Amino acid sequence: MTSSPLSFAIVGTGMVARYHAEAIAQTPGAKLIAVCRSDAAGAQQAAEQFGVPCETNYEALLARPDVDVVCICTPSGMHAAQTIQAAQAGKHVLVEKPMALTLADADAMIRACYDANVQLGVVLQRRTDPTFSMVRASITAHELGEMVLGSVNVPYVRPQTYYDSAAWRGTWALDGGGALMNQGIHLVDLLLWYMGDVAEVHANFTTRARNIEVEDCVTATLRFASGALGSMVATTAAEPGFPHRVEVYGTAGGVQIEGETVVRWNGGGSHRAATTTMSGSADAGAGGSPTGISAVGHTNIVMDFVDAIGSGCAPLVPGAEGRRSLALVLAIYEAARSGQAVCPA
C-alpha cells in the first residue's frame, strides 16, 4: 500500500462508473477527486451525483498533477485511445472490460503503459470472488487431476430498452460485440484462467431477438492447448434471465458453479468447498439485469490495484490477461463469420 491515498478520477459517468465510485470509497488508500464527461450539459448533474468536480475536457483532466489513477468507464470503443493518453500523461489506468476492441489496440495500450512505467489493470472482477479463486487454486494444485473439459453457459437477458438507452450499445464500432463481448467476457476470462490457452475455435452466432448490429446468441466449441475440450454458450435473449454456469472437469474430480455458488464439487483436496444443495431457482444476478451484481468485485479489483501500485507488482488482471480474453472473443467471432476453425492470436 502507498503511504498517502491515491487520487482517482473516473472517465465516463454512466452505470458502471457508480460501481467504481463505490469501490474507491470502500478502498483504504484511495480517494475519488474528479469525474469526467464530455457532455457539458450534464456536468453539474454528474458532479452532484458523484460528489466531486466534473471535468468536461479529458486533456484537462490528464493535465492535473493531483490525479494519480484514471478509471476508464466509457464505451468500449473509446478505451484504447483514452488509456494511451492517460499513460502518456503518467497516470495509472484501470480500464473496464473489454479493454479494447482489437488486439492491435490492446497491444498499444500495454506498450504505452509499459513505456510510461505505469500500471494497467483490467476490470474482470470475477477473479476476486472467493468461490472462483478457490476453484483456480484447486486446479493449480492438480487436485482435480488432468483437466479434460470446461464449459461456460451465459443465459442472460438484456431487453431492447437496454440497447436503446445509449446509441453505442449493440454496435460493432463502440460495443465491439454483443452477448459474448459485453456480457460473456467475464466468464471467458474465468474459463481461460482455469483451463489455459485455446488452440482452436469453431463457432456460430446470430441475432434472434434484438434490433442490434451485434449478436444476441453465440455458441463455440474449443480445443485447449493442453488437449482438453470446452464449450461456450451466451445469449442476451433468454427471458427472464438466468444465472451463468461454469463447469470444469478433470480426471480426479469436477466443479459445477451456478452464479457464484458451488452446486457440486466432487474430488479431494484441501481447496474443496462444502457441497451446496440448491433448492428452487438461484437469483439470476447479472443474468437478469446489468445492475444485478454487487460492488464487492469492483472493490476487490480497486483494492488490488492500489496494492499493485504501491508494491510495483502486477495487478490481479494486468493488460496481458485482458488481452487474452479479448483474443478468444475475437477468434470466436472470426470463426462464426468464416465457418472455419480459428486459432486465437
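Which length gain, in nm to one decimal place, applies between A40 and S289 when the Cα-Cα distance is subtracted from 0.36 nm times their residue separation?
Once the chain is fully extended between A40 and S289, it gains 86.8 nm.
Roughly what % of Cα-Cα distances in the chain sit above 33 Å, to the whole percent?
When all Cα pairs of the chain are counted, 26 percent exceed 33 Å.
Based only on Cα atoms, what Rg/Rh ratio does region 30-170 have, Rh being taken as Kirkwood's radius?
That ratio is 1.05, to two decimals.
Please report the projected area of region 1-109's Cα convex hull averaged over all directions, in nm².
One quarter of the hull surface, i.e. the mean projection, equals 6.6 nm².
Find the relative contact order for region 29-131 and round it to a whole percent, using C-alpha pairs within less than 8 Å whose residues are 6+ positions apart.
Dividing the mean separation by the residue count of region 29-131 yields 20 percent.
Once phi is turned into θ = phi - 60°, what whole-Hz ³J(HN,Hα) does the Karplus curve with 6.51, -1.76 and 1.60 give for every residue of region 218-232, x standing for Gly and Pro?
Karplus-based 3J(HN,Hα) across region 218-232 equals 8, 10, 8, 10, 10, 10, 6, 4, 6, x, 5, 10, x, 8, 9 Hz.
What is the gain in length, in nm to one decimal, between S165 and N204 on full extension, counting 0.36 nm per residue of separation less the C-alpha to C-alpha distance?
11.3 nm
What FRET efficiency comes out for A25 versus Q340 if R0 is 51 angstrom and r is the Cβ-Cβ distance? Round to the nearest 0.05.
0.60
Give the peptides 212-225, 72-85 in descending order of average Cβ contacts within 10 Å, highest first.
In decreasing order of mean packing, 212-225, 72-85 become 72-85, 212-225.
Normalised by the residues of region 189-345, what does the relative contact order come to in percent, with Cα pairs under 8 Å and at least six apart?
Computed over region 189-345, the figure is 24 percent.
Pop a pseudo-label 7 angstrom from the Cα along the beta-carbon direction at both A63 and R136 and give the gap in nm to one decimal.
Result for the modelled spin labels: 4.0 nm.
Give the dimensionless ratio obtained when the Cα radius of gyration of region 177-317 is divided by 2.2 N^0.38 Å.
Against the empirical 2.2 N^0.38 Å value, I get 1.18 for region 177-317.
Based on alpha-carbon atoms only, what is the radius of gyration of region 9-53 relative to the globular estimate 2.2 N^0.38 Å?
Dividing the Cα Rg of region 9-53 by 2.2 N^0.38 Å gives 1.08.
Readers should treat all values here as calculations from the given coordinates under stated rules, not as data from a laboratory. All values derive from a computational prediction rather than experimental measurement. Cβ atoms come from the backbone with ideal geometry, glycine included; neighbour counts cover every protein chain shown.
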